[in-house]
Amino acid sequence: MKIAIFSTKPYDREFLLAANKEHSLHFCEERLTLESAIFAHESEAVCIFVNDIADAAVLKALARQGTRLLLLRCAGFNQVDLAEATRLGIEVRRVPSYSPFAVAEHTLALILTLNRKTHRAFNRVRDGNFSLDGLLGFDLHGSTVGIIGTGKIGCLTARPLHAMGCRILGYDTFPNEDFTREGGTYVGLDEIIAESDILSLHVPLTPETHYIINAESLARTKRGMMLINTSRGALVDANALVGALKSGQVGYVGLDVYEQEAEVFFQDLSGEIIQDDTLQRLLSFPNVLITSHQAFFTSTAMTNIAETTLQNVADYEDRRSSANEVKCSGDR
Ligand code: NAD
């Protein structure tokens, strides 16, 4: 099968080529947009990542060119107009879980780095500055950690933090026993926002979770709390977050995702003028740590993404239904 693969970096090629045995893979570095869709001409399958656009107009263009299968190299599918895909007869298959461990571990890395400021200490010591001023942290032991979204990643984030002596609170529309087994206690949204010293987001982006963290919820947090988002950028109103950082209401922020990340993440813009003023303001705070949507980025996860994507093609060709199919009324 001819597969057009968008948003490809050298590492995507490496892992997909290693997993591929029989298909004709065509790599495109550009994101999928209405303009770049022509690259997929006569490709029965199109493979995309988190910041590609698969809205109604793009899907129509793909369908006209012969695309029948949309492969997501990710779990989230908020970038796809599923209703339009169904209308056009385009099947959508995703990789629901490639390594929840990778994302949970990165979440922990952000929490530990922000708290103990090892990123600042690294630069300071290399510059011959051995002073401790400004590096004061707090014991995680005894802190209250709120996990919003207690699915696979939320549970795995709770596990090490509980082992370190944190009190773990959870909020989810579908509570599950795994979370309570990890030592978590379910509370309501208002309570988790008000009681957490560290609040970590692990819900998918849906109309219900869009801006779940906004000016009003930030005003109700503990003063000086830590907010971590490794899920999807638009869970947080970034402009409201800038205000909360300026006032000191929020004391630490760790972001692996950002609402407008499609314009900047995954690219080397070190010689360019970044036009996004909100992102630049966030980067100017000493207590903000931003990574470029890299939480998933381990060799284990990349291998799983490539192998599951090609298994999704095999299942499609053999007309095998699979839990990786994303339906219009899917499990958002
Ligand atoms: P999951 O489906 O296992 O868990 C999501 C949880 O969110 C579920 O328990 C669900 O009930 C809950 N939920 C859904 N809507 C809700 C709502 N409105 N209010 C409260 N809870 C709600 O998913 P997962 O594998 O744990 O992944 C979580 C998210 O992590 C994904 O949706 C994706 O956006 C993000 N992610 C990020 C990266 C990265 O590299 N940064 C990688 C993979 C996944």
Checklist entry - Considering only segment 267-306, how many residues are polar (S, T, N, Q), closer than 16 Å to ILE228 by Cα and over 18 Å from the mean Cα position of the chain (by Cα)? => result 1
Checklist entry - So how many residues does segment 204-229 have that are closer than 15 Å to THR150 by Cβ and touching a Leu at 6+ places or on another chain (Cβ under 7 Å)? => result 3
Checklist entry - Restricting attention to segment 51-63, does a residue exist that is within 16 Å of the ligand (Cβ to nearest atom) and assigned to a loop (DSSP other than H, G, I, E, B)? => result yes
Item to check | strands (runs of 3 or more DSSP E) (entirely within segment 156-205) containing at least 3 residues that are under 20 Å from the mean Cα position of the chain (by Cα) | outcome: 198-201
Checklist outcome for this item: Among PHE101, PHE77, PHE15, the single one that is within 16 Å of the ligand (Cβ to nearest atom) and not in a helix (DSSP H, G or I) is PHE77
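Could you look through segment 136-151, keep only residues that are part of a loop (DSSP other than H, G, I, E, B) and within 16 Å of the ligand (Cβ to nearest atom), and pick out the one that is surrounded by the most Cβ atoms within 10 Å (Cβ to Cβ)? Spell out how you get there, then give the answer.
First, pick out the residues of segment 136-151 that are part of a loop (DSSP other than H, G, I, E, B): 136-143, 149-151.
Next cut, within 16 Å of the ligand (Cβ to nearest atom) only: 149-151.
Numbers: GLY149: 24, THR150: 27, GLY151: 19.
Here the residue is THR150.
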Next on the checklist: Go through segment 289-332 and report how many residues are basic (Lys, Arg) and within 11 Å of the ligand (Cβ to nearest atom).
Outcome noted: 1
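Could you tell me whether any residue of segment 88-97 is of a type outside the set (A, V, I, L, M), surrounded by fewer than 21 Cβ atoms within 10 Å (Cβ to Cβ) and more than 24 Å from LYS9 (Cα to Cα)? Step through it out loud before you land on a result.
Applying the first criterion (of a type outside the set (A, V, I, L, M)) to segment 88-97 yields 89, 91, 93-94, 96-97.
Still in the running and surrounded by fewer than 21 Cβ atoms within 10 Å (Cβ to Cβ): 89, 91, 96-97.
Filter once more, so that each one left must be more than 24 Å from LYS9 (Cα to Cα): 89, 91.
Scanning segment 88-97 turns up at least one residue that is of a type outside the set (A, V, I, L, M), surrounded by fewer than 21 Cβ atoms within 10 Å (Cβ to Cβ) and more than 24 Å from LYS9 (Cα to Cα).
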Checklist entry - When you scan segment 155-173, how many residues do you find that are away from the ligand (no atom under 15 Å from the Cβ) and surrounded by fewer than 19 Cβ atoms within 10 Å (Cβ to Cβ)? => result 6
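For segment 207-220, give me each residue that is surrounded by fewer than 15 Cβ atoms within 10 Å (Cβ to Cβ) and either outside the structural domain of ALA109 (by TED's automatic domain parsing) or within 10 Å of the ligand (Cβ to nearest atom) (or both). Outline the logic, then answer.
Of the residues in segment 207-220, the ones surrounded by fewer than 15 Cβ atoms within 10 Å (Cβ to Cβ) are 207-208, 215-216, 219-220.
Once the filter is applied, which keeps residues that are surrounded by fewer than 15 Cβ atoms within 10 Å (Cβ to Cβ) and either outside the structural domain of ALA109 (by TED's automatic domain parsing) or within 10 Å of the ligand (Cβ to nearest atom) (or both), segment 207-220 yields PRO207, GLU208.
Residue-wise test of (1) surrounded by fewer than 17 Cβ atoms within 10 Å (Cβ to Cβ); (2) within 12 Å of the ligand (Cβ to nearest atom); (3) over 25 Å from GLN249 (Cα atoms); (4) of a type in the set (Gly, Ala, Ser).
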position: GLY134; (1), (2), (3), (4): yes, no, no, yes
position: ILE153; (1), (2), (3), (4): no, yes, yes, no
position: THR180; (1), (2), (3), (4): yes, no, yes, no
position: GLY183; (1), (2), (3), (4): yes, no, yes, yes
position: ASP190; (1), (2), (3), (4): yes, no, no, no
position: HIS202; (1), (2), (3), (4): no, yes, no, no
Checklist entry - Can you pull out the residues in segment 19-56 that are hydrophobic (A, V, I, L, M, F, W, C) and out of contact with any helix residue (DSSP H, G or I) (no Cβ under 7 Å at 6 or more places or on another chain)? => result ILE38, PHE39, ILE48, PHE49, VAL50, ILE53, ALA54
Checklist entry - Regarding ARG223, is this residue within 16 Å of the ligand (Cβ to nearest atom), touching a strand residue (DSSP E or B) at 6+ places or on another chain (Cβ under 9 Å) and among the basic types (Lys, Arg)? => result no
Checklist outcome for this item: (1) near the ligand (Cβ under 8 Å from one of its atoms); (2) polar (S, T, N, Q); (3) free of Cβ contacts under 8 Å to residues at least 24 places away in the same chain all hold for ASN176 apart from (3)
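Taking ALA121, is it within 13 Å of the ligand (Cβ to nearest atom) and part of a helix (DSSP H, G or I)?
On the way: within 13 Å of the ligand (Cβ to nearest atom): no; part of a helix (DSSP H, G or I): yes.
No.
The values are calculated or read from the model by the stated rules, or taken from the named source; none is laboratory data. On a predicted model such as this, the values are computed, not experimentally measured, just so you know. Cβ sites come from the backbone with ideal geometry, for glycine too, and all protein chains shown count toward neighbours.
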